[in-house]
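Undergrad: Have a look at this one before I ask anything.
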Amino acid sequence: MGSAVLNRSFATILKEYGLVTIGVISYALGWTIFLLPNNLIGGGVSGFASILFYATGLPMGVTYFILNVLLLIIGTKILGTGFGGKTIYAILMTSLMLSIMPKIIPSDFIHEFALSNGKLICTFLGGIIAGFGIGLSISQGGSTGGTDIVALVWCRFYSASPGRVILIIDVGIILSSLLFPSYTEAGELLPFTEKLAVVVYGLIQVTVSGYAIDLYLSGSKQSVQAFIFTKKVTEMADAIAFDMKRGVTVLPAKGWYSKEDKNVLMVVTRKTDLNLLLRYVKSIDPDAFLSVSTVMGVYGQGFDTIKVKAKKHDVSKMTAGN
């Protein structure tokens, strides 16, 4: 019995890491085939790494790796050891793929599928493929690191929404490309007017990529409900409520085996924020127990608005009553 459980556990872990790997490969393909050959940019660490690549020729994979290692060190010192093995694995694999793929993918293939189709189409295709890769990695508990670590650190000291912080950072990185020279693969300096167009394409790419992530994670409207069992109830509730800016409900509970009275935290959030929530939980209490389930609809402040079309006779009655 124990051997069967162990085998199933190993098979599950192998499957999860395999899917994270596929996600990373998809992410790197989006950049290598569609974005980099067109001097296109995006948000996050990848976007900044691409800007340095166009300006200096420094391989994108090297910059990506160095920046993420620095962010992981800072994040670990401030937030604790809440970054799992899959995140570290995803960062290493992404750095490796971004370094290898530009060398092994034939230039004729890139020209046929990317350069000949124009920058706008490549912006959409690159954003979709890269976003799918990130979504697949997140769904398996992995993450490509980057600006979400910065957002967690920022929100630890200042009152702000992590999603808003990430958005501001991404826009700032894209706009910063105007301050750096950009050279094509042929060594030609990109004119300033084209750089302005690249900024617009970058904003489109971030939007498309974000939508692709959302779509893969069962749509932007889908939410999850999490029950968190932890001994650090106050610290956990404060972090989620004030740092992550999510509503928390404290429910009284009683463990029937231990006969102890306890408090359980209930959190409802977007599915796309689930990975962020798990990082908060793990950084505060690695021994916390969670139960996460998908909910069909959540209505109210911060979520969907109840839209009920009143029938004509109902409106007439209300008017008559007034």
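Undergrad: Ranked from the most accessible area to the least, with a 1.4 Å probe and all protein chains present, what is the order of 183, 17?
TA: These residues rank, largest area first, as 183, 17.
Undergrad: May I ask you to evaluate 6.51 cos²θ - 1.76 cosθ + 1.60, the Karplus curve with θ = phi - 60°, for each residue of the stretch 191-204 and list the ³J(HN,Hα) values in order in whole Hz, giving x for glycine and proline?
TA: Coupling constants for the stretch 191-204: x, 4, 4, 5, 5, 4, 5, 5, 4, 4, 4, x, 5, 5 Hz.
Undergrad: Taking amide H positions as placed in the peptide plane 1.01 Å from N, state which residues far from residue 262 in sequence (5 or more) or on other chains have amide H under 5 Å from it.
TA: 253, 254, 255
Undergrad: Would you tally the net charge around residue 226, using a Cβ to Cβ cut-off of less than 15 Å, leaving residue 226 out, and scoring K and R as +1, D and E as -1?
TA: That sum, taken over residues with Cβ under 15 Å, equals +3.
Undergrad: Give the ranking of 279, 246, 164, 156 by solvent-accessible surface, highest area first, calculated with a 1.4 Å probe.
TA: So the residues, ranked largest to smallest area, are 164, 156, 246, 279.
Undergrad: How much net charge surrounds residue 89 when only the other residues with a Cβ under 15 Å from the Cβ of residue 89 are counted, with Lys and Arg +1 and Asp and Glu -1?
TA: +1
Undergrad: If ligands, DNA and RNA are left out, what is the accessible area of residue 282 with a 1.4 Å probe, given in Å² to the nearest 10?
TA: So the heavy atoms of residue 282 present about 90 Å² to solvent.
Undergrad: Taking amide H positions as placed in the peptide plane 1.01 Å from N, state which residues far from residue 246 in sequence (5 or more) or on other chains have amide H under 5 Å from it.
TA: For residue 246, the qualifying residues are 241.
Undergrad: What accessible area per residue comes out for the stretch 47-201, rounded to a whole number of Å², with a 1.4 Å probe?
TA: Heavy-atom accessible area per residue stands at 49 Å².
Undergrad: Across the stretch 235-245, in residue order, what do the Karplus-derived ³J(HN,Hα) couplings come to in whole Hz, using 6.51 cos²θ - 1.76 cosθ + 1.60 with θ = phi - 60° and x for Gly and Pro?
TA: 5, 5, 5, 5, 5, 5, 6, 9, 8, 7, 6
Undergrad: Using amide H atoms built in the peptide plane, which far-off residues or other-chain residues are under 5 Å from residue 140 H to H?
TA: Long-range HN contacts for residue 140: none found.
Undergrad: Continuing with this model, one more query. Using a 1.4 Å probe and counting only protein heavy atoms, arrange 207, 123 so the residue with the most accessible area comes first.
TA: Largest to smallest exposure gives the sequence 207, 123.
Undergrad: Another question, if that's okay. Please report, as a whole percent, how much of the solvent-accessible surface of the stretch 108-171 comes from carbon and sulfur atoms (probe radius 1.4 Å).
TA: 69
Undergrad: Quick one: 3J(HN,Hα) in Hz for the stretch 49-66, Karplus 6.51/-1.76/1.60 with θ = phi - 60°, rounded, Gly and Pro as x.
TA: So the J values, rounded to whole Hz, are 5, 5, 4, 5, 5, 5, 7, 10, x, 5, x, 4, x, 5, 4, 4, 5, 4.
Undergrad: Another question, if that's okay. Select from 210, 241, 252 the residue farthest towards the positive end of the dipole of the stretch 201-285; place +1 on Cβ of Lys and Arg, -1 on Cβ of Asp and Glu, and compute about the Cα centre.
TA: Ranked along the dipole, the leading option is 252.
The values are calculated or read from the model by the stated rules, or taken from the named source; none is laboratory data. Being a predicted model, the structure only gives us computed values, none of them experimental. With ideal geometry, Cβ positions are generated from the backbone for all residues, glycine too; neighbour counts draw on all protein chains shown. These accessible areas exclude ligands, DNA and RNA; they are computed on the full protein's heavy atoms, side chains included. Shrake-Rupley method; radii C 1.70, N 1.55, O 1.52, S 1.80 Å.
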